[in-house]
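Participant: Before we start, here is the structure in question, set down as structure tokens.
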Amino acid sequence: MSEQVVIIDYGRGNLHSVYNGLVKVGAKPVISSDPKIIADAQRVILPGVGSFGDCMHTLENRGLVPVIQEALHSGKPFLGICLGEQLLFEGSEEAPGVKGLGFFKGQVKKIVTPFKIPHMGWNQIQVVNPSPLLTEADGQYVYFVHSYHAVPEDPSIITAVCDYGAQITASVGKGSVQAFQFHPEKSSFAGLAMLKAFKEWKL
């Protein structure tokens, strides 16, 4: 069933908010930690809340890294959300020495800004490179909660940025893998439009 989306459950992330957001846009989401269900999914979402190191260790301990790597390289639609976006990079200043999933080259770095950290609340995003999930997103306000952001080696994978006293990476994407630093499931109509685009995305 082409609308089915599997949300990876590894004990981190606002799974039910993501689930409810997908239901609102007509998807048929499943929350699962079963590698076979994840492998068989037509569309995969990697959510995440917490620290980079703890989440990577949990993924490894639960044996989920191989099936996530398979999904990332399968060509099926894949979406990382919040820490789920950061985990797609090679590593993070938050957890020196801990290897990320490494799908995107680059590091996750502490936000350097005169403003309060964490960056929390609504902020306007600017689309800087095309993304199939952000066709209506330029200038929209979305909801952030984070202290670190991705700094890719290849800046052309950055699809949107926001201004928080410094330019912050709001989203990245390459081919079948797209990822948001912000929470689309908490971003009202703008975020629901992105989840709908993910549900309907044809590659």
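Every number in this text was worked out from the coordinates using simple rules, so none of it is lab data. Just so you know, these numbers come straight off a predicted model, no measurement behind them. Counting neighbours? That spans all protein chains shown, and the Cβs are built from the backbone with ideal geometry, glycine included.
Participant: Considering only DSSP beta bridges where both residues belong to the chain, give the percentage that are antiparallel (nearest 5). Walk me through the intermediate numbers first.
Facilitator: Working: 24 of 41 bridges.
Restricted to the chain, the bridges split so that about 60 percent are antiparallel.
Participant: Continuing with the same structure: Over the alpha-carbon set of region 85-162, divide Rg by the Kirkwood Rh and report the Rg/Rh ratio to two decimals. Kindly include the intermediate steps, with their values, before the conclusion.
Facilitator: Details: Rg = 13.2 Å, Rh = 13.5 Å.
Taking Rg over the Kirkwood Rh, I get 0.98.
Participant: In terms of modelled amide H atoms, which long-range or inter-chain residues lie less than 5 Å from the amide H of VAL108?
Facilitator: Hits under the 5 Å cutoff: GLY91, SER92, GLU93, VAL151.
Participant: Could you order the peptides 152-162, 171-181 from most to least packed, using the average number of other C-beta atoms within 10 Å per residue?
Facilitator: Details: 152-162: 18.0, 171-181: 24.3.
Final packing ranking: 171-181, 152-162.
Participant: Name the chymotrypsin sites (Phe, Trp or Tyr not before Pro) in region 109-163 that are in a loop by DSSP and that have at most 13 other C-beta atoms within 10 Å, would you?
Facilitator: On the way: sites: PHE115, TRP122, TYR141, TYR143, PHE144, TYR148; in loops: PHE115.
Sites meeting the loop and neighbour criteria: PHE115.
Participant: Among the listed pairs LYS28/LYS109; LYS109/LYS196; LYS36/LYS174; LYS110/LYS202; LYS105/LYS202; LYS24/LYS110, which are separated by more than 32 Å between their Cα atoms? List each step's numbers first, then the result.
Facilitator: Working: LYS28/LYS109 35 Å; LYS109/LYS196 30 Å; LYS36/LYS174 25 Å; LYS110/LYS202 35 Å; LYS105/LYS202 25 Å; LYS24/LYS110 34 Å.
Listed pairs above 32 Å: LYS28/LYS109; LYS110/LYS202; LYS24/LYS110.
Participant: How much of the pair distance distribution for the chain lies past 29 Å, counting alpha-carbon pairs only, in percent? Working shown, then result.
Facilitator: Values: 2880 of 20503 pairs.
Of all Cα-Cα pairs in the chain, 14 percent lie more than 29 Å apart.
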